[in-house]
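The values are calculated or read from the model by the stated rules, or taken from the named source; none is laboratory data. All of these numbers come straight from a predicted model, not from anything done at the bench. A quick note on method: Cβ atoms are made from the backbone with ideal geometry, for glycine too, and the neighbour counts reach across all protein chains shown. To get the accessible areas, we keep the full protein, side chains included, count just its heavy atoms, and leave off ligands, DNA and RNA. Shrake-Rupley method; radii C 1.70, N 1.55, O 1.52, S 1.80 Å.
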Amino acid sequence: MSRLRLLTRNKLALTGAVAAAVLVLIAVCAPLIAPYDPARPDFAAALRPPGWAHWLGTDDLGRDQLSRVVYGVRASLQIGLLAVALAFAAGVPLGLLAGYYGRFADSVVSRLTDTLLAFPFLVLAVGLATILGPSLLNATIAVGVSQIPAVIRITRAETLRLKHLDYVAAAVANGGGDGTVLFRHILPGALSALTVQATVGIPTAIIGEALLSFLGLGVQPPSPSLGVMLSSAQAYIAAAPWMAVFPGLAIIAATLAFNLLGDGLRDILDPQGDSR
């Protein structure tokens, strides 16, 4: 049975895949979907409830909430994908190095990983963003660096498991160099676990971006961000609850979609993961 068929039979994973695809489509087509300029104020329409003119209402400056949610989803996915890519670019080589060579290399990488893991993910992300300064780029770097330890640990564990298998030993016996063994034999075997980690790392990055933007350390106003929208909604939570409800629902939908997809991919790509 093909993995695609397994995915279609896993209802939760299929739901997550469809929802994630819709979110990515919204992010890519944001300029076509958003009915208004998300940063343009209209003081005459401030704090209007959801209606035909503004489906999700407006904020305190009269900006259309639907347009801002659409662009907020775009910013969240942008940071999520780029942060995970950064974590993999740094974490995979370090994990391969530690798992394959062991000894001194493993000791150094493991101590680095333990040092980063001593700080909770969000605490580390907030600390790095504070040091680097508030911006979309710095928020991406902070969230990405905070995810590196998890990538290192998974890559190292997979490398330790795979390097003792017969086909890897055969490649070494046939004169394969370290680079050939690592990137042609071990890394492809670790892709299943790494794919799952990438999928579950995206919602973590989305929550990290929302937190940083909420605290003023991520996307800066007037640029739309789900975290910025939630921060602005605090003063109007009683008079205009839609200002907080819809950005919050967008965060929940994005994180739930990728978590469902990640859980489904774990069952399909790494069915023995729980036993290792």
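So here's what we get for this one:
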quantity: Computed [θ] at 222 nm, helices only, for the chain once each DSSP H run of length n ≥ 4 contributes -39500 (n - 2.57); calculated: -23500 deg cm²/dmol
quantity: Cα pair distances exceeding 14 angstrom across the range 155-217, given as percent; calculated: 65
quantity: Potential lengthening between Leu215 and Cys29 on full extension [0.36 nm per residue; Cα-Cα distance subtracted]; calculated: 64.2 nm
quantity: Choice from Leu217, Leu261, Leu12 with maximal GNM fluctuation in the chain (Cα, 10 Å cutoff); calculated: Leu12
quantity: Kyte-Doolittle mean at least 1.0 and Cα axial length at least 18 Å: DSSP H helices in the chain; calculated: 11-28, 65-101, 187-214, 242-269
quantity: Quotient of C-alpha Rg and 2.2 N^0.38 Å, computed over the range 58-119; calculated: 1.87
quantity: Environment charge at Leu97 (Cβ cut-off 14 Å; Lys +1, Arg +1, Asp -1, Glu -1); calculated: +2
quantity: Debye log10 I(q)/I(0) for the chain, one point scatterer per Cα, at q = 0.11 Å⁻¹; calculated: -0.70
quantity: Rounded, prolate or oblate (a/c below 1.5 giving rounded, otherwise prolate when a/b exceeds b/c) for the range 1-140 by Cα gyration tensor; calculated: oblate
quantity: The range 6-64 versus the range 176-193: alpha-carbon centroid distance in Å; calculated: 41
quantity: Long-range amide H partners of Thr58 with built H, under 5 Å; calculated: Leu47, Arg48, Gln65
quantity: Counted charge near His54, where neighbours are those whose Cβ lies closer than 15 Å (Asp, Glu -1; Lys, Arg +1); calculated: -1
quantity: Heavy-atom surface of the chain, accessible at 1.4 Å and reported per residue (Å²); calculated: 49
quantity: Equivalent-ellipsoid semi-axes of the range 220-259, from the Cα gyration tensor, Å, largest first; calculated: 20, 13, 6
quantity: Sulfur and carbon atoms: percent of accessible area, the chain [1.4 Å]; calculated: 67
